[in-house]
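A short worksheet on the structure shown next.
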Amino acid sequence: MPADLQGGYAPDVRRQPAPRAPARTTWKGAVGLSNLGNTCYLNSALQCLAHTHALQKYFRHHQHTLLAPDKLDSKTWPRRLVQTFVIWFERAWGEYPEGQRVQKGYYCPEDLLRVVQQLNPLFADYQQQDSQEFLRCVLDCLHEELREEVMVEVPPALSPPPRLPGEAGGPPPMVIGTSEPNSQLGSPTASAGPSWPFCAASDASATDPGEITLHDSAPATVTAQPAVDPQGPASPAATQNAAKEEPAKPKTAFRSIISEIFQGRSVSAVRCLSCGHTSRTVETFFDLSVPIPSNPQDVDLRASASGGRAAPACSPARTSTGTSMWNLKQMFGAVKALVWQDSQAVEVLDCIKKYCQPEHLTGRDSYACEKCKTKRDAQKQMRLLELPEVLCVQLKRFRCEGGWLSGTKNSKPVTVPVDECLDLRDLLDDKAEATWCQYELFGVIQHFGSIGSGHYISFARQRKRPDMWFEFDDARVRECSADEVRSAEPYVMFFQRVPAPEQRAARAAFKRDRDQTANKLRAAPNGPRPAEPTEETADSIPMSPSVSVAYVPKHWYIRLTTMCTPGPIDTYNHLCPHDKIGCSSEAWAAANFIAISEQYCQALLRQHGGGPMLRSLDLCEKCCDLLAKYNARRKLEHALACKYDTKEVGGNQGSYWYLLDNVWVSKWKRYVKAADAEHIKSMCSPGPISNDRLFIPAKEGEPPYMEVRQNLRAKVEYHGVNALIWGVLHFLHGGGPVVCRQEFDLKGIPTPAEDLLPEELTPSAWVSKDSIVELSWQFVDECKADWDVYRAKYCLVESAEEDEPPEQPPPTETEASLDDAGPEPATG
């Protein structure tokens, strides 16, 4: 394992329990997981996620980004979850430095379990849990932590020329997903996935009044806002003219590797049986929870169902027994054969068809028709609009009808397609685009026992050997046959969309050109000569001046090699507003792009669209300056907060309380405790102080900030600081209004604000006045550390460098505008 994966997140090997006959294998991915006490639900889910090719490849190929210093120093639990997954995937699929494959038969997931317990109290104790609930919680937390704002559509300036099939040196033509060469990536990359309600992390730490604690407790997770174009207008008049002529901003959405892999979209169509009016509702899903029909003859997609769907499933309780599971398996198999010997098994496709079968809405479930303006009988049907790359199907085997003790488990045999493909073409909506609809099984989670007790195991297909299956029973791993998987009682199944033959050829062509380009770079006179390339090291070789190469994002390369619809080459989402690499580290740039030949890159752009073509990994000087000023301000702010923050007011810190909205304080905590940002997308400035939420909005014609909201709780909805801390925050971030009270109570009598500022922010503490300006929010946040933009926006000229601008007091609760708030920084 690489050295940077060890550190504080490596498990203590001494605490790992001795596995039961651990498997000693050289196959990658065949690594067991220790049972830490009723954690078989976790182990079975982690094994299926580890064999999700796109997921493990993303985490292992983006180690430099996910384990960067600005990420490792983050103490948020969602970030720690990401880091534990990097370690787990590297342990399962990685190699030791000497090049030997992983030999250890098991791994202790104690660190991962501890993080999940902090994120969701449901898993806080070592009780019986549901594997599907664990999957949803983990995927939701990973999505929320890894998501980033991207452009949904390709910029018009990057629209590619007509595709040239069969061009020399280019990949073979493919028609996958859509016939348009510049089609967008689709729903999995165009919108954020649903947020499951049981995955919210609790904020257990309380802060004393007046103290902004800077300890290592995890603050609320806040998504970093992307940097804004630092090229500002030259004057207010130019700003108004530009606003009139500026085209509409491109549409953006949030995406992550989780949404790209697991997210699909379905359509719920309700048709009124009286007037024929049809209402369509599009919903996103990360998994399908489907019922089990009694027999295949009960499924008819054309006939209207006589009743509603099955009752919602109940999450079963799980118990991991410490004895051998073979006796339990034999006993369970005998009971199942006795009970279901006369029952006809159904297929997984029958279960999905049952989910999409029309149902009749009548009585209390009747439909409120928009056209009839009253409740009518209606017919409801689900159809699939967009298919995910990995389809996760959960069978509704558990039902709680009259309470937990009266719950039942449906053990009806369901046949899984081990050697056949799952074709969902008949379940697509009429408005769905023509796409490749075949899936192959690669993971199964099986549950033994009843709703109150039992055990989980999982099966996974070896990616390098599709005919080889492994059974994972906690720390025990063994090779099994396809017949064993076929006869299993599935609870959750994972299906990978099958690529078309043209897609396989395109993947091979890309890897071949990548390796050839890497060899040319090594052989170039001025090029680097590292060791022989591997799949990881060949992706991040710097460009040599004597070789004509182009660079594509590694994220797109992972989509090309693991997904059926890679979408356009989204280099535009990885560049700064100046069309360069907006980071301060050459290692970061080299680790996130792959070098290929320029000729082959042109062919890819014609075929997939996107762009622009990136011929060098030169860092943007303006963004490097912005990152330097941003990091310097954050370090100074952290030092001043630690120095002047107090629990009480009085003395040199001021006599009054200054109240802040706790939402803004949570953003500020995340910003000030972060490590130095390496990329502009890693910047998480909290923005200007916003106390608007503490006041009732003023009516038209009335001054704002006159009446405070009632029933706001101290340390929950608002926070209090002393005058020096308020001076630091307001000087460095601006905003307002000032909420000053004699007591730590929002409903107290307003008092005039004190004009106090730490000596570190006074002009006498700096060599030049420019240094003070470079700390202000006007320079860093508004003008993006660009002196030309700053001078133009604030109408400064070189001859006025020695003039001291008039200082304006911060806004009060009776001032109407926040835009005029804040002391004007010293001139440049």
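The values are calculated or read from the model by the stated rules, or taken from the named source; none is laboratory data. Model, not experiment: these values are computed from the prediction. Every residue, glycine as well, gets a Cβ built from its backbone with ideal geometry; the counts of neighbours run over all protein chains shown. Keep in mind that these areas ignore ligands, DNA and RNA; they rest on the heavy atoms of the full protein, side chains included. Shrake-Rupley method; radii C 1.70, N 1.55, O 1.52, S 1.80 Å.
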- Task: Report the label-to-label distance for Ser764 and Ser366 in nanometres (one decimal), using points 7 Å from each Cα along the Cα→Cβ vector.
- Result: 8.3
- From the backbone phi of region 351-359, what are the Karplus-calculated ³J(HN,Hα) couplings (6.51 cos²θ - 1.76 cosθ + 1.60, θ = phi - 60°) in whole Hz, Gly and Pro given as x? 5, 5, 5, 4, 5, 8, 5, x, 10
- Just the number, please: Stokes-Einstein D of region 598-693 in µm²/s, Kirkwood Rh from C-alpha pairs, 10 °C, 1.306 mPa s. 92
- Task: Would you work out which of Leu385, Val416, Phe398 lies farthest towards the positive end of the dipole of region 347-485, given +1 charges on the beta-carbon of Lys and Arg and -1 on that of Asp and Glu, about the Cα centre?
- Result: Phe398
- Task: Quote the convex hull volume per residue of region 382-531, based on C-alpha atoms, as a whole number of Å³.
- Result: 201
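Could you rank the peptides 46-52, 557-563 by their average count of other C-beta atoms within 10 Å per residue, with the highest value first? Spell out each step's value before the answer.
Values: 46-52: 24.7, 557-563: 22.4.
Sorting 46-52, 557-563 by mean packing, highest first, produces 46-52, 557-563.
Per residue, how many Å² of accessible area does region 449-520 show with a 1.4 Å probe?
Values: 2600 Å² over 72 residues.
Heavy-atom SASA per residue in region 449-520 reads 36 Å².
Under the Kirkwood approximation applied to all pairs of distinct alpha-carbon atoms, what is the hydrodynamic radius of region 376-459 in Å? Don't skip to the answer; put the middle values down first.
Numbers: mean 1/r = 0.0620 Å⁻¹.
Here the Kirkwood hydrodynamic radius works out to 16.1 Å.
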- Query: In sequence order, what are the phi-derived ³J(HN,Hα) couplings for region 413-430 according to the Karplus relation 6.51 cos²θ - 1.76 cosθ + 1.60 with θ = phi - 60°, rounded to whole Hz, with x for glycine and proline?
  - Reply: x, 10, 7, 9, x, 6, 9, 9, 8, 8, 9, 9, 4, 6, 9, 6, 6, 5
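At a temperature of 20 °C and a viscosity of 1.002 mPa s, determine how fast region 674-788 diffuses translationally according to Stokes-Einstein, using the Kirkwood radius over alpha-carbon pairs as Rh; express D in µm²/s, rounded to the nearest whole number.
Estimated diffusion coefficient is 129 µm²/s.
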- Query: So how far apart, in nm, are the two label points at Met468 and Asp125 if each is 7 Å from Cα heading toward Cβ?
  - Reply: 4.3
- Note on the structure: Kirkwood Rh for region 545-602 from C-alpha pairs, in Å, is 12.4
- Whole-Hz Karplus ³J(HN,Hα) for region 742-756, in order, using 6.51 cos²θ - 1.76 cosθ + 1.60 and θ = phi - 60°, x for Gly and Pro? 6, 10, 7, 8, 5, 7, x, 6, x, 10, x, 6, 8, 9, 10
- Message: Using a 1.4 Å probe on the protein heavy atoms, what percent of the accessible area of region 568-679 belongs to carbon and sulfur?
- Response: 45
- Query: Over 22 Å between Cα atoms, which of Lys380/Lys431; Lys681/Lys793; Lys28/Lys412; Lys580/Lys769; Lys673/Lys793 qualify?
  - Reply: Lys681/Lys793; Lys28/Lys412; Lys580/Lys769; Lys673/Lys793
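Below 8 Å, C-alpha to C-alpha, sequence gap of six or more: please give me the relative contact order for region 681-775 in percent.
On the way: 85 pairs, mean separation 24.4, N = 95.
Taking the mean separation of contacting Cα pairs over the length of region 681-775, I get 26 percent.
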- Item | Longest to shortest principal axis, alpha-carbon extents of region 665-707, angstrom | 47, 17, 9
